Each structure stands twice: as C-alpha cells, then as structure tokens.
Amino acid sequence: MINSEDIEVVKVGMADFNIVKNPGMITTLGLGSCVAVVLYDTKLKIAGMAHVMLPSSKAIKNNNNRAKFADTAISDLLSMMENEGMRRQNLIAKIAGGSQMFDFDSADDVFSVGRKNIQACKEILAEIRISIIAEDTGENYGRTVEFYTADGSFKIKSVGKPEKII
Amino acid sequence: MQDKLDELHMDVLKELGNIGAGNATTALSQMLNRSIMMRVPEVKVVELKDVSAILGGEENMVAGILVKISGDINGIMMYVLEYESVRIMLNILLNKNITSEDELCEMDLSALKEIGNILTGSYLTALSKLTNLTMIQSIPKLAFDMAGAILSVPAILFGKTGDSVLFIKTDFNEGDCDVVGYYILIPELQSFDKIMKSLGVV
C-alpha cells in the first residue's frame with residue numbers, strides 16, 4: 001500500500017469527475033447517497049472517478065450539469081479517458097456509495113435515491129461493457145473513498161468502522 | 001412549473017427563514033425555561049459543490065435531523081448541527097457535562113431528535129400560518145455521519161431543481177454557549193408554487 005503523502009492526489013467533488021495517472025491517487029470525501037464510479041485502465045494504470053448524484057439526466061428538465069447524472073457523467077468520463085489514449089477493453093470499474101442515510105421507508109421514492117444511483121451506474125457500465133470487479137455499496141453510512149493507481153486498490157473509510165480495501 | 005428558483009422566490013424563502021427561526025427560538029426558550037437569544041439568521045444560497053465546506057469540510061462529523069412534510073405541501077426539512085453544537089445543546093438541555101470524548105447515550109439521541117422536532121415544527125408552523133397551507137411533519141429521523149454524506153440527501157433532492165441549495169444559518173446562545181445550526185428546507189416544485197401563490201408572489 002502506497003502512502004498518500006508521497007503521491008499526487010486528485011480530489012473529486014460532488015457532481016464532478018476527473019482522472020489521475022500512476023502513481024497518483026484519486027479521492028472523494030464523505031459520500032452519502034451519491035455513488036463514486038472508478039474506471040481504471042489496468043495497462044496504463046490511469047484512473048478516472050465520477051461522483052454521481054442522480055440516476056438519469058433524462059428524468060429531469062434542469063440537466064445542464066452533466067457531471068451530476070450517472071448516464072452523462074460516466075459517458076463524459078469515458079470520453080475524457082479515451083482522449084487520453086485509454087482503450088475501453090482495458091478498463092475495469094469499482095464503485096462505492098449509494099447509502100440510505102436516514103431510515104425512512106425504503107420504498108419511498110425520495111429516500112431510495114441511493115439504491116437507484118447504484119442500479120443506474122451498474123446498468124450504464126453494463127451497456128458500455130465495462131465490468132465491475134468490486135463494490136462497496138448501500139448500507140446507511142457515509143464513505144470516504146481513495147483509489148490508488150499504482151496497484152488498483154480502492155480504500156473505503158467510514159466513521160466508527162475499520163478501513164476496507166476492495 | 002418553473003425549472004429553477006428566481007431571486008424573488010429566494011427573497012421570500014429568506015423572509016420565511018427569519019420568521020421560522022424566530023418561532024423556533026421562542027419554542028426552545030419555553031422548553032428550557034431559560035432565555036435563549038438568537039442572532040439574525042443568515043440565509044445563503046450556496047453552490048452544491050461548496051455545501052460541505054460550510055460545515056467544516058466533507059469529513060467533519062455532524063448530526064442531521066430530518067422530517068418529511070406532507071399535507072398541502074410535500075417536501076423535507078433538515079436541521080444540521082456540528083458535533084460541537086450538539087454537545088453544547090445537550091449540555092444545556094439535559095444539564096449534563098458531555099465532553100468531546102464522550103459517546104452519546106440513547107437518552108441524548110432522543111433528546112436531540114426532540115430538539116429537531118421542535119425546531120423544524122416551529123418553523124413549519126410559522127410557514128403554515130403565513131400561507132394557510134396544511135403541513136404535517138413526520139417523526140424526525142436522526143443520523144450522525146460525515147457532513148458530505150448527511151448533506152448528500154438534501155443536495156440530491158435540491159439537485160433535481162438546480163445547482164444551488166438554500167441554507168438558513170441559525171445561531172442560538174444561552175450565556176456563553178453558542179449553538180450554531182442550519183436549516184435546509186426543500187419543498188417539491190409544485191409545493192413551492194403553492195407556497196408562492198398563497199403568499200401572493202406568483
């Protein structure tokens with residue numbers, strides 16, 4: 001495991017995406033019902049991360065911010081990575097987040113957005129034929145996630161829980 | 001139905017923020033049987049991406065108390081407090097001496113929910129009186145977690161209408177103790193129009 005102090009760190013905010021090259025690390029802090037989607041080129045060791053807030057740009061009129069929605073954010077991130085010379089067949093995905101922070105009835109539309117976000121990300125990744133090799137999703141707590149390009153490890157930190165590497 | 005909130009609507013929400021927070025202070029004073037002061041609430045419209053910074057960064061521990069609103073109006077209301085303020089509030093309320101290392105017990109948590117209930121309830125009562133619209137609030141739900149994670153809930157709900165969030169910062173004090181909290185009110189779009197109509201704004 002590489003120490004985050006010695007390498008380039010790229011921070012991805014809410015409704016945002018970016019990429020980082022080996023040996024850098026890409027991170028997003030305090031994920032709740034949003035989902036972090038990491039695309040990783042296993043040959044070039046370059047990673048991209050999108051912090052997705054809502055499942056679909058098609059369901060909403062005000063959809064100018066493409067980084068907010070699973071469909072447009074993943075598609076834009078993929079284009080950005082392909083422009084950097086990455087090839088789709090070398091990409092794998094890891095996803096995290098999509099929790100339900102408050103324990104209202106999960107059938108409730110408003111509060112099941114975490115689950116819908118996860119589902120949307122999975123469907124889109126399946127469509128573009130990128131396989132998800134690891135995930136840490138759902139539950140009812142927040143996550144800070146760090147993806148290390150050097151070895152492709154995805155570190156998940158939550159309050160009061162041991163660190164996980166997936 | 002409009003796609004986003006314009007300035008006039010924000011002004012109305014700001015004024016409602018003032019009235020609501022005033023009511024909440026009175027309710028809190030009565031409950032504690034002590035004089036509680038309130039600074040004039042600050043109402044801000046914040047870009048989604050800057051939301052967590054206000055609460056001390058995405059990883060800062062906060063408490064979020066959330067109620068659903070139904071009746072003539074549908075939506076949610078959330079009251080967010082930094083951990084430090086939670087502690088001060090509970091110490092005042094329960095006459096305790098919780099330090100920053102202490103874990104909160106079951107009683108603390110239900111007291112906190114009750115505070116949230118009163119604070120959101122008094123705000124909604126003010127809004128309801130003013131608009132003549134019925135607003136029924138659900139039992140409050142409480143979550144302790146990283147600010148980013150807690151705020152993702154209102155950010156997502158608000159994110160459906162735009163890229164900014166409405167925050168009402170309230171600052172209660174009792175003697176030397178300062179309790180800073182934030183209200184986030186998110187009516188559904190149709191409900192928002194109803195509020196505006198009933199206030200004669202549209």
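Observations on the structure shown:
- In region A:42-55, residue farthest from A:ARG143 (Cα to Cα) [restricted to those that are open to solvent by less than 40 Å² (accessible area, probe 1.4 Å) and away from chain B (no Cβ under 11 Å)]: A:ILE46
- Check on B:MET31, buried (at least 17 other Cβ atoms within 10 Å of the Cβ) and more than 13 Å from chain A (Cβ to nearest Cβ): no
- Evaluation of A:PHE154 against (1) over 25 Å from B:PHE158 (Cα atoms); (2) modelled with pLDDT under 95 (one fails), failing number: (2)
- Taken over region B:118-154, the criterion of being among the charged types (D, E, K, R) and surrounded by fewer than 16 Cβ atoms within 10 Å (Cβ to Cβ) is satisfied by B:LYS129 alone.
- Single residue of region A:17-36 satisfying the filter (more than 14 Å from chain B (Cβ to nearest Cβ) and in a strand (DSSP E or B)) that is surrounded by the most Cβ atoms within 10 Å (Cβ to Cβ): A:ILE26
- Of residues in region A:58-95 being over 24 Å from A:LEU44 (Cβ atoms) and open to solvent by less than 10 Å² (accessible area, probe 1.4 Å), the one farthest from the other protein chains (Cβ to nearest Cβ): A:ALA70
- So B:MET196, is it at pLDDT 80 or above, among the hydrophobic types (A, V, I, L, M, F, W, C), more than 14 Å from the chain's Cα centre (by Cα) and surrounded by 18 or more Cβ atoms within 10 Å (Cβ to Cβ): no
- Meets criteria (assigned to a helix (DSSP H, G or I), open to solvent by less than 30 Å² (accessible area, probe 1.4 Å) and among the β-branched types (Val, Ile, Thr)) for B:ILE115: yes
- Set B:VAL45, B:VAL62, B:VAL80: member being open to solvent by 60 Å² or more (accessible area, probe 1.4 Å), part of a strand (DSSP E or B), in contact with a strand residue (DSSP E or B) (Cβ under 6 Å, 6 or more places away or on another chain) and of a type in the set (A, V, I, L, M): B:VAL45
- Number of residues in region B:83-92 that are over 20 Å from A:TYR141 (Cα atoms) and either among the β-branched types (Val, Ile, Thr) or buried (at least 19 other Cβ atoms within 10 Å of the Cβ) (or both): the value is 6.
The values are calculated or read from the model by the stated rules, or taken from the named source; none is laboratory data. Computed from a predicted model, the values in this text were never measured in an experiment. Cβ coordinates were reconstructed from backbone atoms using ideal geometry, including for glycine residues, and neighbour counts include every protein chain displayed. Side chains included, ligands, DNA and RNA excluded: accessible areas come from the protein's heavy atoms. Shrake-Rupley method; radii C 1.70, N 1.55, O 1.52, S 1.80 Å.
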